[in-house]
Every structure is written in C-alpha cells, then in structure tokens.
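Quick notes on the structure that follows.
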Amino acid sequence: MVAIICMKWGKAFTAHHVNTLFASVLRNMEEPFTFVCLTDDDRDLAKGILALAIPDLGLPEQAWKRGCWPKLAAFAPHLFPHEDVVLFLDLDIMVLRPLAPFIAVVRARQHLVLQREWNPALWSLLPQWLRPDRGGQSSVFGFCPYNVARIYEQVVANAGTMSSNFKNDQTYLSETVADQSYWPSGFCVSFKRSCVRLFPFNLLFTKVRLPGQAKIVVFHGTPRPWETLVEPAKRWGTKWRFGRGPVAWIVSYFAQADVMLKALETSGSQVVTRRRWSAGSRASSRSNAIIYLPGPEANPSPCDPAA
C-alpha cells in the first residue's frame, strides 16, 4: 500500500490547498493509496483525507517558523505501519502526470529519494553532470517507512540543536542521511527555472510554458501556483522572473480540482465517490480515509496543453 502525504501547520496554507493537492493525486494514481495530511488543524479537509496529528519531535519554537523542520516528522515509523512506500508532496506543487514512476523508483532503491536542488540560471546551460550538486530539495521525497527508523531517531535526538546547525530540513537530510539519491532528471521541474523565462526575454516571450514531460511542477519560493491566478495584466513573480495575468494551464488545473472536490462534497456516500473516480474497483476505509483503488478511467489528461 502507498501513502501520499502532505503537511499543513500554522497559517501559511489552508485546507483548500490540501484539498486541491488531493484532487490532483486522485487524477494521477494508478494503484491503491491512502492520502494523509499531517496537520495541527483538520477543519474543512475533503472527504477521503486522513488527518493525523504531527508527531512531536521536540522542536524549539523557532523551528516551526522557518526551515520547514516539522516535515521531518513524516519519518515517524508509527505513522505508516501498513504502507511499503510513502511519497511526500508539498502543498505548493502541481501534479500533472501519473505518480507511478515515483513509487517504482522508491520500491526499487529502498532508500530516501529527493529532488536534486536546481542550479542558478547560468548553470542550466551545462549538462547536469557538470553542474554543482547543491544537495536535495524536499518538495517531493519518497521512502520506505520500514527503512527510516534511524533517520527519525537521529532527528528526535538532535531536535533541540539541528535548526541552529543546519539551514533547513532539506540541508539536514542532504548532509546527514547516507543512503539517499535523487529522482531521475525530468521527473520534477522548477516553475521558476523551466516555465518562466528570465528578464528581459520574458518581455518578448510572454507565454508561460507548460512542461512537456514533467510529472510535477515545483513552486519553490515566489510565486506559489495560486498567486498566478490574478487579473489580466497584473504582475506576479520575482524581480527577474515574472509574468502577467493568469496562466491558462494553471487555471485549468485548479478548475479541474474544484470540480472533483465539489463531487466529493456532494456525494452521498463513499460508494458514490468510488464509482465516480474509480469505476469498477473496490475501496476500503481506514478511519475517515478512503483507500482508493483507481480504475483506468480515473486518469484523464492532467491539463489541456492547448489551453
């Protein structure tokens, strides 16, 4: 069994962000899975999401405000006693294509797999093997829960000091976990690096590119995906990488999610939910969560490339 997990704490993200990610996972899973949100507030989460309390790592207060240190609670071995693969997804990513390749990689390698951190713009002109390795990026990572007990034990043992000794959670993982690797090139792309052109080229080529083959688009830093849902001509982004107005394929992504979430909200039972998105399959429940077993019709095209 697979667990797809995310985290929400504090006020930076809302239940709607969790629900939108959930809808995108429903469209892009090909085997049974449980969707888990580790959170300090489970209000307004969609039907089928299993909300679990964030395990207490003993982190100092400042570690909850910077560095994303609470993410390391995902390695708590008691959270996933029945799952063989856990795939962690940040709330500000977009799932565009099936997640099966990520799960296959984790099963094959049997260790922690992260996204390789992207290099600044000029380095992208070189082949990846010539670019400096900046360590892992924790927007998307996967692991086998029965192989990470040591990671969790070390996190708990160092909870009081690690936020002072390392920049953030992904730096900690990159520098302390010996058995790890990166996702294959092209699995994830950076919205800033791959979709938005650098100034002044973005003034000439204004269209924000839809990744041709990437399965996940990662929004690290500014903007977040919903920050591009703006009025025509309104600017979003950073000083050197920016766009204006809404991006058609991002609008389509959120519209699809809203349709699915509305169907989940209005369905009278778990059976209706299963029939709509996983026709011809079986489902079982775990607490308030649905373990989805998608049928082939549960995987429509993630976005309309022509949009």
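No other residue among Leu99, Leu130, Leu173, Leu112 is surrounded by fewer than 21 Cβ atoms within 10 Å (Cβ to Cβ) and of a type in the set (A, V, I, L, M) apart from Leu130. Helices (runs of 4 or more DSSP H) fully within the range 66-179 that include at least 2 residues being over 22 Å from Ala23 (Cα atoms) and hydroxyl-bearing (Ser, Thr, Tyr): 162-165, 169-176. The number of residues in the range 134-155 being out of contact with any helix residue (DSSP H, G or I) (no Cβ under 7 Å at 6 or more places or on another chain), of a type outside the set (S, T, N, Q) and at pLDDT 90 or above comes to 5.
Across the range 229-244, the number of residues qualifying as more than 18 Å from Ile93 (Cβ to Cβ), free of Cβ contacts under 8 Å to residues at least 24 places away in the same chain and crowded, with 16+ Cβ neighbours inside 10 Å comes to 1.
Contact map, the range 251-265: first residue under 14 Å from Ala15 (Cα atoms) and modelled with pLDDT under 90, second residue of a type in the set (Gly, Ala, Ser) and not in a helix (DSSP H, G or I), Cβ cut-off under 9 Å, separation 6 or more or different chains; pairs are Glu265/Ala46.
Sub-6 Å Cβ pairs linking a first residue in the range 205-228 that is farther than 17 Å from Ser252 by Cα to a second residue that is among the β-branched types (Val, Ile, Thr) and part of a loop (DSSP other than H, G, I, E, B), at least 6 apart or interchain, are Thr222/Thr238, ordered by first then second residue. Within the range 18-36, the set of residues being touching a strand residue (DSSP E or B) at 6+ places or on another chain (Cβ under 6 Å) and among the polar types (S, T, N, Q) comprises Ser24, Asn28, Thr34. Test Leu45 against the criterion of being at negative phi, in a loop (DSSP other than H, G, I, E, B) and surrounded by 18 or more Cβ atoms within 10 Å (Cβ to Cβ), and give yes or no. So Leu45 passes the test.
The values are calculated or read from the model by the stated rules, or taken from the named source; none is laboratory data. As the structure is a computational prediction, the values presented were derived from the model and not from experiment. In this analysis, Cβ positions are derived from the backbone assuming ideal geometry, glycine residues included, and neighbour counts consider all displayed protein chains.
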